[in-house]
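The structure appears below as structure tokens.
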Amino acid sequence: MIKIQSLIKSTLVLSLFPAMAQAAPKNVIYMIGDGMGPAYLSAYRYYMDDPKTKKVESTIYDQLWVGVATTYPDDDTIVTDSAAGATALSTRNKSYNGAISVDHDHKPLTTMLEIAKAKGMKTGIVATSQINHATPAAFMAHNKTRKAYNEIADDYVDNKVNGQFVADVMFGGGITYFERKDRNLSNEFKQAGFQYANTWQDFAKISKAPAMAVLAPVGFPSALDNPVAAPLATMTDKALKLLSNNKNGFVVMIEGSQIDWCGHANDIACAMAEMHDFAKAIKVAKDYVDAHPDTILVITADHETGGLSLGADGIYAWDRDVIKKVKQTAPLIAKSLVNAAPADLAKVWTAQTGLTATAAELTLLTQKITLVKPEIAKVDFNKVEDPMEVEADLLEPLANEIKQLIDHYSKTGWTSGAHTAIDVPVLAWGKQRQDFAGFQDNTDIATKLVQYIEKR
């Protein structure tokens, strides 16, 4: 009888804490699609559908989808920002919007990578934003505000675990913050033995950890505009190769950062390109798990951005073919229209969007061009910190008109230019994938992963 009761008790414990049910994985690949709400997965499915078949084919997102998660922060807003969301996903603790792995009293909350490093594991971060942006920062640093970019970058050198850097591999953007006049952090990393790159040519030469690559002044160009093919997948592949050679395993956080930026901009073509780039990186990670079954892959989002809707204006339709024809993000389309001769405006518009503009639409576009062109002429872009961002801000009135036209013809809807409180998808692959099935909070995801790490 005692043996039976003991067995029942053990079974109950394992059902309540599934991460304890089997041996902990050696490696953790943690991927965050910033802003990636469930509608983004649906949109990508239809965007990628083969029009030659009646069936709508599943994507890698569909194949790995196991659950959903809540994202609310530790305040009364319900809608989280990326800092609070990433803090929850990194530390197992809720905090306030803007917090980088600190509590309400600004006391540090131990991050997943710090725990892993203390266990002798290799660690890494990969992002298409600057690597000191909110999400990667919440795994590496501690600060009362996400806006303190230089302080956060300093933390990447100064914050140590048992005298060691928190991360062995750091890939993404952020030259502006790491190669500063007041403190050149790149030199400090190089002096500490890191292989270092600030160009893609030098990135290709990186052959061992520790390694750092900051490959853009701030964030990367959008995937739709980036001349580098599959940047996130490329960085993911190298990160996994560099981290693999460690008997104690590794933990790496990989962020598809700019899904969120496209959502904020309400740019559906931009969003689908970022989802495609993220999907390629997921494929690299999944292939790694298939070849190394002692690895768990978990994918989620910190929040949803934009309130994306497939179908709008009371019309029962969504035209993915319109979106597929768009060649660049709205700011770059706007730039090409500003630079076009008036007689060529219709031709340039069609070349960039695949749409034929009506006379009324050409008039609206011309009015916006007349508005922004003189403002752009006033700026010396050689003297600004982030030329891409400044130019995009100046082009915004025209870019907004472009996005509205693409949304109109594709029947894409948005409820916000900010985040929403919509639950986010949870995807997983590996022997422990069912640990992440069903409904959960974002802190639950982190708790389960930390359980694995603490068993090392």
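Summary of computed values
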read-out	value
Leading residue at positive end of dipole, the chain (Cβ point charges), from Asn339, Val68, Asn248	Asn248
Kirkwood Rh in Å, taken over all unlike Cα pairs in the stretch 25-114	15.4 Å
Crossing angle, helix 442-454 versus the chain [Cα axis fit, 0-90 degrees, rounded to tens]	40 degrees
Calculated Rg and Dmax of the stretch 401-456 using C-alpha coordinates, Å	18.4, 54
Ratio of the Cα radius of gyration of the stretch 224-351 to 2.2 N^0.38 Å, where N counts its residues	1.36
Gain in span if fully extended, Lys160 to Ile376, counting 0.36 nm per residue against the direct Cα distance	73.4 nm
Gain on full stretching of the segment that runs from Ser207 to Lys241 - 0.36 nm per residue minus C-alpha separation	11.3 nm
Acute angle (nearest 10 degrees) that the helix 359-377 long axis makes with the longest principal axis of the chain, alpha-carbon atoms	70 degrees
Kirkwood Rh, Cα atoms: Rg over Rh of the stretch 312-411	1.00
Fraction of antiparallel bridges per DSSP, the chain only, in percent to nearest 5	35 percent
Cα-based helix-to-principal-axis angle, 2-16 vs the chain, degrees rounded to 10	20 degrees
Top positive-direction residue, dipole computed over the stretch 312-411 with Cβ charges, set Val348, Leu398, Thr370	Val348
Sum of -39500 (n - 2.57) over DSSP H runs of 4+, divided by residues of the chain (222 nm, nearest 500)	-13500 deg cm²/dmol
Tail beyond 14 Å, pair distance distribution of the stretch 72-143 (Cα, percent)	54 percent
Spatial extent of the chain: Rg and Dmax, with the Cα atoms as the point set, Å	22.8, 90
Where the Cα pairs of the stretch 210-299 fall when distances are cut into 10 Å bins, in %	15, 46, 29, 10, 1
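Values quoted throughout were computed directly from the atomic coordinates according to the rules given, and no laboratory measurement underlies them. What you are looking at is a predicted structure, and each value in this text was computed from that prediction instead of being measured. Note that each Cβ is placed from the backbone with ideal geometry, even for glycine, and that neighbours are counted across all protein chains shown.
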